[in-house]
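Asks: This is the structure I want to talk about, given as structure tokens.
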Amino acid sequence: GDSVTQMEGPVTLSEEAFLTINCTYTATGYPSLFWYVQYPGEGLQLLLKATKADDKGSNKGFEATYRKETTSFHLEKGSVQVSDSAVYFCALSSFEAAGNKLTFGGGTRVLVKP
Amino acid sequence: EAGVAQSPRYKIIEKRQSVAFWCNPISGHATLYWYQQILGQGPKLLIQFQNNGVVDDSQLPKDRFSAERLKGVDSTLKIQPAKLEDSAVYLCASSLVIGGTDTQYFGPGTRLTVL
């Protein structure tokens, strides 16, 4: 079945550091890929998405490129801020699946220190 | 535009008791989802509705969990009787249509603690 694997946290960074969170997936067909973010005390929010190979999703300075050859969707940000402290979830939605089920990775907690 | 509403935000119960959660999706969204998020894990789909019909409930423990979506709008998820392992955050999400690229919008969740 479909699965998503992302790097375990916590990831602790200083402000203005470069952030990378690795995400790889296994899926049948051609999935859409997503990054969701969960800020402390809040619900999941869509951060960015990509729907086909080589697409780049971007939002709020974050970027991720859909790499079909390596089945990856790594999240990057060039200069993090304290406000980026959150849990980040990689997810996929497969066209082959019944309905539009999202399969999530385990989440990566990011802590940015001033 | 109002987001997905859920209540209550927190609930503490004893094992073997029952509990119910309520969700009101974004207006006009045909598809509604319930996810279970155990601490330290990603959310896992429990059930998906398209209007008031069930699309996927393969991961729903039907001996104790039930869900309904009357009139294709609000939804209720019930657990009866609760077990310790049901302690989790229950997330409701909605999307406009059914489809691989359609964005799901999540509510704030209900944190359930079973003692």
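Asks: Please work out how much length the chain gains when fully extended from B:V54 to B:S7, using 0.36 nm per residue of separation minus the C-alpha to C-alpha distance, in nm with one decimal.
Replies: 14.8 nm
Asks: Over the protein assembly as shown, what number does the Rg to Rh ratio reach, with both radii from the alpha-carbon atoms and Rh per Kirkwood?
Replies: The Rg/Rh ratio comes out at 0.97.
Asks: Please sort A:71-83, B:58-70, A:26-38, B:38-50 by packing, taking for each peptide the average over its residues of neighbouring beta carbons within 10 angstrom, highest first.
Replies: Top of the packing list down: A:26-38, B:38-50, A:71-83, B:58-70.
Asks: Something else about it: Using only protein heavy atoms and a 1.4 Å probe, how much accessible area in total is buried between A and B, to the nearest 100 Å²?
Replies: Heavy-atom accessible area buried at this interface is about 1600 Å².
Asks: Would you compute, for the Cα atoms of the range A:21-114, the largest minus smallest coordinate along each principal axis and list the three values in descending order, in whole Å?
Replies: Principal extents (Cα only, largest first): 43, 25, 18 Å.
Asks: Still on this structure, I have one more. In the protein assembly as shown, what percent of the accessible surface is made up of carbon and sulfur (1.4 Å probe, ligands and nucleic acids excluded)?
Replies: Carbon-and-sulfur percentage of accessible area, whole number: 49.
Asks: Largest first and in whole Å, what are the equivalent-ellipsoid semi-axes of the range B:54-114 based on the Cα gyration tensor, each being the root of 5 times an eigenvalue?
Replies: After scaling each eigenvalue by five and taking roots: 23, 14, 11 Å.
Asks: Based on alpha-carbon centroids, what's the gap between the range B:11-58 and the range A:46-114 in Å, whole number please?
Replies: 23
Asks: With every protein chain left in place, what is the accessible area per residue of the protein assembly as shown in square angstrom, probe 1.4 Å?
Replies: Value returned for the protein assembly as shown: 47 Å² of accessible area per residue.
Asks: From the cross-link list A:K52/A:K101; A:K60/B:K44; A:K56/A:K113, which pairs have alpha carbons spaced over 23 Å apart?
Replies: Over 23 Å Cα-Cα: A:K60/B:K44; A:K56/A:K113.
Asks: Which value in nm describes the separation of the simple spin-label points at A:T70 and B:W22, placed 7 Å from the Cα toward the beta carbon?
Replies: Using points 7 Å along Cα→Cβ, the separation is 4.9 nm.
Asks: Give me the percent relative contact order of chain B, please, defined on Cα pairs under 8 angstrom at least 6 residues apart.
Replies: Rounded, it is 37 percent for chain B.
Asks: Please report the relative contact order for the range A:8-114, taking Cα pairs under 8 Å with a sequence separation of at least 6, and give it as a percent rounded to a whole number.
Replies: Computed over the range A:8-114, the figure is 37 percent.
Asks: Right, another one. Over all alpha-carbon pairs of the range A:4-56, lay out the pair-distance distribution in 10 Å bins, whole %, shortest bin first.
Replies: P(r) for the range A:4-56, in whole percents per bin: 18, 46, 31, 6.
Asks: Heavy atoms only, probe 1.4 angstrom, no DNA, RNA or ligands counted: give me B:S75, B:S7, B:S27 ranked by accessible area, highest first.
Replies: Largest to smallest exposure gives the sequence B:S27, B:S7, B:S75.
Asks: Can you give me the convex hull volume of the Cα atoms of the range B:1-77, divided per residue and expressed in Å³?
Replies: Cα-based convex hull of the range B:1-77, divided per residue, equals 111 Å³.
The values are calculated or read from the model by the stated rules, or taken from the named source; none is laboratory data. Just so it is clear, the model here is predicted, and its values are computed rather than measured. Backbone-built Cβ (ideal geometry, glycine too); neighbour counts: all protein chains shown. Ligands, DNA and RNA are stripped out before the accessible areas are found, and what is left, the full protein with its side chains, is counted by its heavy atoms. Shrake-Rupley method; radii C 1.70, N 1.55, O 1.52, S 1.80 Å.
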